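Reading through the structure tokens given below for one structure.
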Amino acid sequence: MTTLPLPDMSDPLASPHWQALSQGRIAMQRCGACGHVRWPAALSCPECLTEGGEWNTLSGRGTIWGYAVYETPLHPEFAGLCPYAVALVHLEEGPMIHGRMLDPPEELDCGLPVVAVFEQLADGIGIARFRLEQSRGS
Amino acid sequence: MDPAAQHSVAIVGIGAATRQAVPGWRAEDYALAAARAALADAGIDKSQVNGLVTCKTLSGAGGDIVMGRALGLNPAYSATLDYGTCNFSIHLAAMVIAAGLADTVLLTYGTDQGSRGGDFSRYGNHDIHHGMVDAIGSMAALMFRRYQYLHGASEADLGAVAVAQRRWALLNPDALHREPLTITDYLAEPHYIAPVRPSDIAGFHDGGAALIMTSLRRARDQPHVPVRLAGMAQTAQLGNLANPDNYERRWMGDVADRALATAGAKRSDVGLLMIQDPASVWVLQMLEALGFAEPGGAGAMIAAGETALGGKLPLNTSGGHLSERYMWGWFHILEIVRQLRGACGARQVADLHMAMHASTMVAQKGSVSLFEAAL
Ligand SMILES: [Zn+2]
């Protein structure tokens with residue numbers, strides 16, 4: 001179980017995102033007027049300034065923009081995972097988010113398609129990880 | 001006097017603080033010590049200062065209310081910017097002077113993040129839970145991986161930055177890192193966060209910097225050659241955050257174009273380039289985005305010595321953040337002033353007429369300033 005600070009599940013603006021993660025989904029707001037999908041959560045669409053927007057479940061698919069590889073332990077919480085990679089994933093709906101890759105770092109490259117998989121970070125709190133859509137080895 | 005000259009402003013005093021006089025100095029104590037040095041350098045008393053522009057640390061220290069009290073100032077104008085790199089502060093001070101709100105402005109920055117812990121080692125929402133330990137190192141690794149993907153660059157291309165800046169630092173007695181660093185030494189370092197190495201990331205240091213700016217007309221009375229702000233431009237890419245390509249800072253080319261246009265200058269007029277470098281990959285990206293190197297060609301240009309002493313475009317001649325010390329861009333400006341005064345000794349750039357400082361703030365804001373000696 002993590003000892004690091006957890007997201008505020010009671011945040012009225014962003015809680016649907018955190019709740020969705022705990023249910024194994026990535027959810028973000030989609031503007032009812034222009035269709036723009038936004039993250040971080042906001043009361044209004046930054047593209048067309050329309051208020052509101054529905055929380056939509058995203059596909060969980062995207063591509064690797066870049067990634068960093070942690071070969072040596074820099075924090076005790078993650079020491080057992082080394083070497084691991086964290087990618088900046090450009091989601092197909094537009095937004096970008098970070099996520100730890102479950103594949104070995106040497107199999108990764110920018111531009112490769114990835115898909116989200118979900119883990120429980122703590123009781124009732126989920127997190128998205130990513131894996132290559134098609135393992136290079138197979 | 002033509003209108004442009006009438007609104008011209010210059011840096012007439014600089015001050016730096018790098019050592020505690022007594023243990024336990026806070027950010028504001030460094031800023032105050034630097035301000036005292038800048039006043040002495042300009043040969044003026046604080047009673048002649050009627051404007052104050054301060055820069056806050058990321059943890060919120062050093063605002064104008066606190067600094068004005070510490071300095072015992074009641075200026076006609078004061079303001080605080082809560083982001084650094086010095087360029088933004090200089091532009092604000094220039095506007096204040098040109099608008100007639102004040103005619104002699106003191107600019108300050110101080111930080112104790114070296115002894116208190118780095119301000120960048122913080123995490124947004126739950127990025128830490130992905131294992132993104134160290135925000136600046138993680139960003140640098142992501143960005144250079146992308147750069148490699150786009151340009152086929154090698155890790156030696158990135159290493160060229162740290163190696164070249166260390167060579168400059170060997171000529172700067174005030175630089176913190178003065179051990180020789182070859183590309184072989186660099187490549188022998190274990191990765192910090194792959195593909196970047198420890199030499200690619202600036203450390204956190206305590207210190208402070210201050211400037212005195214005034215109208216060019218008044219600047220003529222000062223002891224040093226005034227360093228005129230010849231051109232400036234900015235961009236604020238605030239509505240574009242969902243686009244990861246923002247991290248490549250390509251928009252710095254447009255900022256440079258506009259800054260050069262305000263100065264009536266062209267790229268070949270720039271004889272010294274300072275690029276804000278919390279991590280080495282910023283230098284590769286900006287050297288290219290600014291239009292001084294071909295896309296993907298910055299590493300080879302640096303490795304070929306083109307940015308070294310005697311090269312066609314001396315770059316980060318103080319050693320920069322990587323080798324001199326980290327001071328959020330402020331020491332880059334001090335270096336430009338010293339170079340344009342001809343006061344840099346062994347690392348002095350010969351026949352220098354114009355210098356550029358290019359900086360970005362978290363890949364969201366960009367800024368370019370041009371300076372020349374007002375002989
Ligand atoms: Zn919209």
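The values are calculated or read from the model by the stated rules, or taken from the named source; none is laboratory data. Since this is a predicted model, take the numbers as computed values, not measurements. Quick reminder, even Gly has a Cβ in these numbers, built from the backbone with ideal geometry, and neighbours come from all protein chains shown. Only protein heavy atoms, including side chains, enter the accessible area calculation; ligands, DNA and RNA are left aside. Shrake-Rupley method; radii C 1.70, N 1.55, O 1.52, S 1.80 Å.
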Toy charge model, Lys and Arg Cβ at +1, Asp and Glu Cβ at -1: the protein assembly as shown dipole around Cα centroid in debye, rounded to 20, equals 1060
Listed by chain and number, the lysines with an alpha carbon less than 28 angstrom from that of B:LYS266, same-chain partners under 8 positions apart left out, are B:LYS312, B:LYS365
About its Cα centre, segment B:258-375 carries a charge dipole, from +1 on Lys and Arg Cβ atoms and -1 on Asp and Glu Cβ atoms, whose size in debye to the nearest 20 is 220
From highest to lowest solvent-accessible area (probe 1.4 Å; ligands, DNA and RNA excluded), A:ASP8, B:ASP200 read A:ASP8, B:ASP200
Segment B:16-85 and segment B:207-254 have their Cα centres apart by a whole-number Å value of 19
For chain B, the longest principal axis of the Cα atoms and the Cα long axis of helix B:330-341 enclose an angle in degrees, to the nearest 10, of 70
Rounded to a whole %, the carbon-and-sulfur portion of the accessible area of chain B at a 1.4 Å probe is 52
Per-residue ellipticity at 222 nm attributable to helices in chain B (runs of n ≥ 4 DSSP H, -39500 (n - 2.57) apiece, nearest 500 deg cm²/dmol) works out to -10000 deg cm²/dmol
The Cα extents of segment B:60-201 along the principal axes, largest first and rounded to whole Å, are 54, 43, 33
Kirkwood Rh over alpha-carbon pairs of segment A:15-135 plugged into Stokes-Einstein at 25 °C, 0.890 mPa s gives a D in µm²/s of 161
Placing +1 on each Lys and Arg Cβ and -1 on each Asp and Glu Cβ in the protein assembly as shown, then taking the dipole about the Cα centre, the residue among B:ALA102, B:PHE292, B:GLY15 whose Cα reaches farthest towards the positive end is B:ALA102
When the charge dipole of the protein assembly as shown is computed with +1 at the Cβ of Lys and Arg and -1 at the Cβ of Asp and Glu, the Cα pointing farthest to the positive end, of B:LEU58, A:THR57, B:MET213, is that of B:MET213
Interface buried area A-B, accessible surface with 1.4 Å probe, both sides summed, nearest 100 Å², comes to 2800
For chain B, the longest principal axis of the Cα atoms and the Cα long axis of helix B:135-151 enclose an angle in degrees, to the nearest 10, of 60
Rounded to the nearest 10 degrees, the helix B:155-169 long axis (Cα) sits at an angle to the longest Cα principal axis of chain B of 40
Averaged over the residues of A:59-69, the number of partner chain Cβ atoms within 10 Å of each residue's own Cβ comes to 6
Residues meeting the amide H criterion for A:MET96 (H placed from the backbone, H to H distance under 5 Å, 5 or more places apart or on another chain) are A:LEU91
Counting other chain Cβ atoms within 10 Å of each Cβ in A:38-45 and taking the mean gives 1
To the nearest Å², the heavy-atom accessible area per residue of segment B:13-153 with 1.4 Å probe amounts to 37
Computed from every Cα-Cα pair in the protein assembly as shown, P(r) in 20 Å bins starting at 0 and rounded to whole percents is 22, 52, 25, 1
Charge dipole of chain A built from unit charges on the beta carbon (Lys, Arg +1; Asp, Glu -1), centred at mean Cα; most positive-end Cα among A:ALA79, A:MET9, A:HIS90 is A:HIS90
In chain B the DSSP beta bridges are antiparallel at a rate, in percent to nearest 5, of 70
Computed over segment A:15-135, protein heavy atoms only, probe 1.4 angstrom, the accessible area per residue in square angstrom equals 43
Carbon plus sulfur, as percent of the 1.4 Å-probe accessible area of segment A:15-135, comes to 49
